[in-house]
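The values are calculated or read from the model by the stated rules, or taken from the named source; none is laboratory data. This one's a predicted model, so the numbers in the text were calculated from it and none came from an experiment. Here Cβ is always computed from backbone atoms with ideal geometry, including for glycine, and neighbour counts include all displayed protein chains.
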Amino acid sequence: MRTNAKPYQAAGSTDRPQAPATAGGLPPPWRVPLLMLGFLGLIVGAGAGLARLGWSMPAVAASASALHGPLMICGFFGVVISLERAVAIGRTWAYLGPLLAGAGGAATVAGAGWLAPWLFLGGGLVLLAASLDVYRRQTALFTFTLALGAACWPVGIALWAAGAAVHEIVTWWLAFLILTIAGERLELSRFLPPSPVARGAFAAILTVIVIGLFGALRPWGGLVFAIGLLALAVWLFKQDIARRTVRGKGLTRFIAVCLLSGYAWLAVGSAIIVFEGGLAPGSPAYDAALHALTLGFVFAMVFGHAAIIFPAVLRVAVPYHPTFYVPLLLLHLSLAVRLSGDALGDFALTRVGGLLNAVALAAFILGTASAVVRGARARSGAQR
């Protein structure tokens with residue numbers, strides 16, 4: 001590990017004091033439009049997903065139904081992850097990542113879908129550069145994992161821009177999200193350091209996942225990839241400090257519940273792919289696996305860390321409230337309904353589950369906004 005460089009910590013690490021308002025290379029007010037571009041991708045992407053399920057949606061969402069996946073993964077998660085990474089490393093140039101990714105989402109919404117892949121690609125390459133900068137500063141397994149995850153995003157975009165169908169490259173985008181989360185959790189494992197054997201197992205799991213990625217266009221690729229994800233779910237559940245912090249109270253316990261329930265969905269989604277022998281596009285199992293991984297796992301992480309990331313990125317208070325559990329419960333119940341419909345071949349049930357998924361996301365957005373307002377009022381009252 002380099003001793004002459006400042007150790008990397010993700011924006012929102014709970015064990016460090018908050019940086020001053022000018023930290024992060026770009027003043028917090030200028031970060032707000034970037035985040036809003038991400039939420040544009042989320043809202044239109046969710047509407048596009050509902051349109052794919054046959055729900056009547058506004059024209060802007062219905063016309064983007066074929067780009068539901070790119071909007072959610074590149075237009076929302078790409079923006080949020082790139083923004084968080086830019087704040088964490090404090091490099092002004094790194095903000096080009098969320099800007100380009102957000103512009104890609106906006107181009108998709110505006111009907112310039114031909115331009116979106118190239119804007120997304122630019123954002124992905126900036127995120128990769130930022131992640132390599134992190135690895136240069138601190139050579140460690142978790143920074144390597146973050147860089148590996150970041151590399152998967154532009155690789156998938158490049159294949160998509162070259163003509164590959166989304167279902168052919170979706171494993172690259174899933175790896176981007178899942179490895180990013182795994183890297184962040186591995187960073188926090190310094191509070192409960194894994195043994196050398198556990199670290200070796202983690203490295204072996206990464207190897208299996210990468211082998212699956214490079215075989216994505218072959219029948220066995222998806223199966224190997226899913227085996228790696230299933231092993232990762234087990235590793236995270238066994239090694240994550242959340243198993244201890246779930247006994248705590250307030251926000252600490254809420255985050256742990258989000259993490260542990262997310263790991264369960266990671267196991268479910270990967271197990272579905274293993275059971276099916278791969279990802280067959282258009283099948284109920286494809287829908288079930290992808291949404292178990294993205295909604296059940298990835299969004300559970302978002303729900304759990306919003307009260308940490310928003311203050312770190314935007315310098316706004318997001319005080320914990322027990323109502324935070326409502327969107328999380330809706331997310332899990334709605335996903336159970338959706339997967340039940342997939343398992344039973346009942347498309348009507350799948351449609352209802354999809355609609356309830358969107359309700360859960362809306363409840364999360366409204367709940368977070370409400371918490372920000374509460375925090376602002378509390379701070380205003382304290383200053384009087």
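Selection of helices (runs of 4 or more DSSP H) fully inside segment 33-119 by the criterion of at least 2 residues being at positive phi and touching a Lys or Arg at 6+ places or on another chain (Cβ under 8 Å) returns nothing. Being assigned to a helix (DSSP H, G or I), touching a helix residue (DSSP H, G or I) at 6+ places or on another chain (Cβ under 6 Å), β-branched (Val, Ile, Thr) and free of Cβ contacts under 8 Å to residues at least 24 places away in the same chain is the requirement here; does VAL337 meet it? The answer is yes for VAL337.
As a summary of the residue check, LYS249 satisfies the conditions (1) touching a Cys at 6+ places or on another chain (Cβ under 9 Å); (2) more than 24 Å from ALA201 (Cβ to Cβ) except for the one numbered (1). Among the residues of this structure, VAL134 counts as one that is over 24 Å from GLY282 (Cα atoms), surrounded by 21 or more Cβ atoms within 10 Å (Cβ to Cβ), more than 16 Å from the chain's Cα centre (by Cα) and of a type outside the set (Asp, Glu).
Rundown of residues vs (1) touching a helix residue (DSSP H, G or I) at 6+ places or on another chain (Cβ under 7 Å); (2) within 28 Å of LEU344 (Cα to Cα); (3) free of Cβ contacts under 8 Å to residues at least 12 places away in the same chain; (4) surrounded by fewer than 20 Cβ atoms within 10 Å (Cβ to Cβ), yes/no style:
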{"residue": "ARG199", "(1), (2), (3), (4)": "yes, no, no, yes"}
{"residue": "ALA242", "(1), (2), (3), (4)": "yes, no, no, no"}
{"residue": "VAL246", "(1), (2), (3), (4)": "yes, no, no, yes"}
{"residue": "ALA256", "(1), (2), (3), (4)": "yes, no, no, no"}
{"residue": "TRP265", "(1), (2), (3), (4)": "yes, yes, no, no"}
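Quick check on my filter: what residues within segment 207-217 are among the aliphatic types (A, V, I, L, M), assigned to a helix (DSSP H, G or I) and touching a helix residue (DSSP H, G or I) at 6+ places or on another chain (Cβ under 7 Å)? Scanning segment 207-217 gives VAL208, ILE209, ILE211, LEU213. Scanning for something part of a helix (DSSP H, G or I), within 23 Å of ALA267 (Cβ to Cβ) and not small (Gly, Ala, Ser), does segment 155-167 turn up at least one residue? Yes: one or more hits.
Does segment 304-320 contain at least one residue that is assigned to a helix (DSSP H, G or I), over 30 Å from ALA165 (Cβ atoms) and in contact with a Cys (Cβ under 7 Å, 6 or more places away or on another chain)? There is at least one residue in segment 304-320 that is assigned to a helix (DSSP H, G or I), over 30 Å from ALA165 (Cβ atoms) and in contact with a Cys (Cβ under 7 Å, 6 or more places away or on another chain). The residues in segment 271-282 that are out of contact with any Phe, Trp or Tyr (no Cβ under 8 Å at 6 or more places or on another chain), modelled with pLDDT of 95 or more and within 18 Å of ARG218 (Cβ to Cβ) can be counted, and the count is 1.
Being within 27 Å of ALA61 (Cα to Cα) and either of a type in the set (S, T, N, Q) or surrounded by 18 or more Cβ atoms within 10 Å (Cβ to Cβ) (or both) is a property that GLY111 lacks. Among the residues of this structure, VAL337 counts as one that is β-branched (Val, Ile, Thr), more than 26 Å from GLY38 (Cα to Cα), within 23 Å of the chain's Cα centre (by Cα) and buried (at least 16 other Cβ atoms within 10 Å of the Cβ). Of note, PHE176 does not satisfy the criterion of being assigned to a helix (DSSP H, G or I) and over 30 Å from THR245 (Cα atoms).
Within segment 340-384, the set of residues being in contact (Cβ under 8 Å) with a residue 24 or more places away in the chain, surrounded by 14 or more Cβ atoms within 10 Å (Cβ to Cβ), of a type in the set (A, V, I, L, M) and over 24 Å from LEU40 (Cβ atoms) comprises just one member, ALA343. Pick from segment 243-261 the residues that are under 21 Å from VAL318 (Cα atoms) and aliphatic (A, V, I, L, M): which of them is farthest from the chain's Cα centre (by Cα)? Applying the filter and picking the extreme gives VAL246. State the number of residues belonging to segment 311-325 that are within 25 Å of LEU260 (Cβ to Cβ), more than 20 Å from the chain's Cα centre (by Cα) and not aromatic (Phe, Trp, Tyr). Counting residues in segment 311-325 that are within 25 Å of LEU260 (Cβ to Cβ), more than 20 Å from the chain's Cα centre (by Cα) and not aromatic (Phe, Trp, Tyr) gives 4.
Put simply, of VAL170, VAL197 the only residue that is over 24 Å from TRP118 (Cβ atoms) and in a helix (DSSP H, G or I) is VAL197.
When segment 148-161 is limited to residues that are among the hydrophobic types (A, V, I, L, M, F, W, C) and buried (at least 23 other Cβ atoms within 10 Å of the Cβ), the one that is farthest from ALA88 (Cα to Cα) turns out to be TRP160. For segment 294-317, the criterion of being free of Cβ contacts under 8 Å to residues at least 60 places away in the same chain and surrounded by fewer than 23 Cβ atoms within 10 Å (Cβ to Cβ) is met by no residue.
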